[in-house]
Structures are given as structure tokens and as C-alpha cells.
Amino acid sequence: MSTLMNKIDFLALVSVKNANPNGDPLSGNMPRVTYDGLGEISDVCLKRKIRNRFMDMGEDIFIQSDDKKMDEFKSLRDRLSAQKDLVKVQKEGNKEQFARMACEKWLDVRSFGQVFAFTSKKKEGEKDTGGISVGVRGPVSIQPAFSVDAVTPTSIQITKSVNSETDEKNPDKKSSDTMGMKHRVDFGLYVVKGSINVQLAERTGFSQEDAGKLKEALRTLFVNDSSSARPDGSMQVHTLYWWKHNCAIGQYSAAKVHGSIEIRKKDGIEEPVVFEDYEIVRKELPGLEVEIIDGI
């Protein structure tokens, strides 16, 4: 695979229409909102979706979710223990070789990094073989996504029309109809920002080909991601901006690159309800070209 030689910055414009883009478990799964009222999608949520897209592409992924797995393992330890060569290196205490082999095996490890804090297990009567904890720093950094304008979550109460169980003493008794609450954002335009660091890519083996897979994952971020909270079509990547610098450290800082995309409401629009209510203005950065890709 080709070694990554050029720093990369990227930015994606994502619209949310009548969906819960990222529920907060500490707030009854309400959509995440900052103190200023801006909608938020955590970086962890975004990485989960990218990992899912990687799996759709047939890539080996270490952090798999319970609702989308490609193997039979029930835990990260089980997935790691199945790699006999890695376990052998772990017992030998060779951290560098362990990190290198883990990066070669799993795309998400060489992309985002990973902390392997698993000590070796010993069977009863066996001598403890020890173990190592290994931290891998990944070259791909993803920022939390925030909405351009404040969002107002809407909540509705949902009910059920059937009994979950039959009351043995009174079979005809109906249980309470109350089932819970559902929350949504009526509309919001969110901005996803990220970068790829060349120096860290050299250490994990993240390649030009891997960068291409990440680009495709971002372009198709919400493919196979529908649920009752995010109906199919309610979340959409409109545009992906992809900057490839001409050097390893970058011609401009990531802040300047991301800041070259200005998003503002069109004249006469007070409360945007569709993506077209915004005007996207791109400032030229001399010597740095941008690839503009339509999302799906």
C-alpha cells in the first residue's frame, strides 16, 4: 500500500430532518444540545458510524457493536484472544511489535488508535504470564459535530396497543398504555470536521488507500444506519470537502482550512428548515485545492 505523504483535512455538511442524531443517555436520550442551544453529535458517535461503513466495505474492525458484528466474539478480549500471534507477542511484552501487528490487522486501530489494556489470564494452577497494556495513537482525528444554528428538540409520548404480558388473575385486564418518550430535531445543519496526521500515519501504517476508504465512509456516512430514531433519509451528507496539502505538516493549519467554509443563512431566512436555506461560501486558500464531493 502507498504511504501517506500529505496532510489531509476534511469537512462534511450533514442535515438532520425529524430525527435524533445522537441521544444523550444522561438526559433520557434527548438530542445532545450545548448550553448555547447548538445541536451536537459526539466524535464517538461519528467514529461508530465510520466503523460500521468500514465493515460494510469488508474491512476487519476491532471495535464492533453488539447490533452490528462480523464475528462471534462477545467482547474485545475474546476478539483479541483469537489472534494467537498477538497473544504470543503480548506475553513476551513486546509493545512495539504488538502495536504494529494490531494496526496491520484492524483498520479502525490504524485509523483512530486504540488502548489495549488487557492483561493475560491464567488458568488455575498456572503461573501468571503477565501481560502488557499498549496504547496506539491514530492519525485520524474527528471533532464533535455542531449545528450551525440553535436547534429545538421536540418530544412526543408514545404508547402501546397490546399487553406485554397476560395478568394471570385477570386475563382481560389491560396494562397501562404509556410506553415512553421519543425525541427529535425538526431540522439542523451540522458540520463534521477532521484531519489526518502524516507522522502518526507512518507509525500505524495508515495508507493512501486507507484515506480513500475513509473518504468513501464519510461520503456515505448514513448508509445502513436507519433506525426508529433516525428513519432512512432523515440524515444526509450533502457535501464533503477534502483538502490534500502538498506537504506532511500542511500548508495551513486545520483551523484555517476548516474556517475557509463559511455557512450563513440566505437573505430573508430567519429559521432554516431545509439545507437550501443556507448559503455556503468557500474562501480560497492560495496553493491549496479542495476536492468537493457530493454526499449520499
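Only the coordinates and a few stated rules stand behind these numbers; no lab work does. None of these values were measured; they are calculated from a predicted model. Positions of Cβ are backbone-derived with ideal geometry, glycine not excepted, and every protein chain shown enters the neighbour counts.
Here are the numbers:
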{"read-out": "Ranked by how many other beta carbons lie within 10 Å on average, peptides 226-237, 201-212 from highest", "value": "201-212, 226-237"}
{"read-out": "Ranking of R137, R184 by count of other Cβ atoms within 10 Å, fewest first", "value": "R137, R184"}
{"read-out": "Counted charge near L38, where neighbours are those whose Cβ lies closer than 13 Å (Asp, Glu -1; Lys, Arg +1)", "value": "-2"}
{"read-out": "Length gained when the stretch T154-S253 is fully extended (0.36 nm per residue, less Cα-Cα span)", "value": "31.9 nm"}
{"read-out": "Taking C103, C247, C45 and counting other C-beta atoms within 10 Å, the order from fewest to most", "value": "C247, C45, C103"}
{"read-out": "Ranked packing of 108-118, 71-81, most packed first, by mean Cβ within 10 Å", "value": "108-118, 71-81"}
{"read-out": "Tail beyond 14 Å, pair distance distribution of the stretch 1-59 (Cα, percent)", "value": "71"}
{"read-out": "Percent RCO, i.e. relative contact order, over the chain, from Cα pairs under 8 Å lying at least 6 residues apart", "value": "30"}
{"read-out": "Contact order normalised by residue count of the stretch 1-103, Cα under 8 Å, 6+ apart, percent", "value": "10"}
{"read-out": "Scattering curve values for the stretch 151-296, log₁₀ I(q)/I(0), Debye with Cα scatterers, q = 0.09, 0.14, 0.15, 0.17 Å⁻¹", "value": "-0.49, -0.88, -0.96, -1.12"}
{"read-out": "Expected 222 nm ellipticity per residue - DSSP helices of 4 or more, -39500 (n - 2.57), all of the chain, to 500", "value": "-6500 deg cm²/dmol"}
{"read-out": "Cα-only radius of gyration and Dmax that characterise the chain, units Å", "value": "23.0, 79"}
{"read-out": "Cα-centre dipole for the stretch 1-97 with unit charges at Cβ (Lys and Arg positive, Asp and Glu negative), debye to 20", "value": "140"}
